[in-house]
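Take a look at the structure below.
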Amino acid sequence: MNVHRRWKWLALALALLLGLGAAPQPQKSVIYERYDVDIDVQADGSLLVAETYQILFEGEFQTGFAEIPLGYVADVVDVGVREGAQVFTEGSFGPGTFTLDRESDVIYVEWEYEPTGGTEERIFTVEYRVLGGLRVYPDEDVLSWIAVPEDRSGISVEASR
């Protein structure tokens with residue numbers, strides 16, 4: 001086999017390999033079909049907050065996140081995560097677990113769940129208690145809380161309550 005012909009076969013093999021590597025990858029997307037927030041004012045003035053995310057996944061995902069703002073409150077405590085009736089465990093790794101990272105102005109909540117596949121809907125709830133979030137005055141009480149943050153990392157929110 002002459003050198004010219006060998007280079008031709010090598011170029012063809014390389015083109016085939018590159019063509020295989022350029023095969024279309026499955027699309028991945030995430031949409032909040034619903035992003036609902038329930039706030040229940042307690043007799044002691046604390047707020048019980050439940051953020052419920054109904055998320056439509058396209059592709060494989062296995063982690064979620066939330067940010068709880070700490071501005072204008074005394075503290076946020078009793079943070080929990082669940083998927084339906086499954087309560088997640090704090091401080092470990094693997095599906096059904098979550099971690100908290102507290103900074104001066106925000107608490108980052110990250111959780112891991114069984115991976116999604118194809119097109120799949122999941123519902124997650126992040127619950128917590130806000131201390132000092134209700135301002136009580138002689139003429140009025142003021143609750144100031146951004147229930148659905150404007151920036152959700154580019155993920156669209158279809159509807160909320």
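Net charge within 15 Å of L131 by Cβ-Cβ distance, Lys/Arg positive one each and Asp/Glu negative one each, not counting L131 itself?
Working: positive: R102, R129, R135; negative: D40, D44, D75, D78, E127.
In short, -2.
If you roll a 1.4 Å probe over segment 20-150 with all protein chains in place, what percent of the accessible area is carbon or sulfur?
After summing per-atom areas, the C and S share lands at 51 percent.
At a probe size of 1.4 Å, how large is the accessible area of I155, to the nearest 10 Å²?
The accessible area comes out at roughly 40 Å².
So who's got an amide H within less than 5 Å of the one on I107, skipping anything under 5 residues away but keeping other chains? H placed 1.01 Å off N, in plane.
Those qualifying (amide H under 5 Å, at least 5 residues apart or on another chain) are I68, L70.
Could you derive backbone 3J(HN,Hα) for segment 98-103 from the dihedral phi with the Karplus parameters 6.51, -1.76 and 1.60 (θ = phi - 60°), listing whole Hz in sequence and x where the residue is Gly or Pro?
Working through the residues one at a time gives 8, 10, 10, 10, 9, 10 Hz.
If packing is taken as the mean number of other Cβ atoms within 10 Å per residue, what is the order of 141-147, 50-56, highest first?
Details: 141-147: 11.0, 50-56: 18.0.
The densest-packed peptide leads the list: 50-56, 141-147.
The values are calculated or read from the model by the stated rules, or taken from the named source; none is laboratory data. All of these numbers come straight from a predicted model, not from anything done at the bench. Methodologically, a virtual Cβ is constructed for each residue, glycine included, from the backbone with ideal geometry; neighbour enumeration extends over all protein chains shown. For the accessible areas, the whole protein counts, side chains as well, though only heavy atoms, and no ligand, DNA or RNA atoms are used. Shrake-Rupley method; radii C 1.70, N 1.55, O 1.52, S 1.80 Å.
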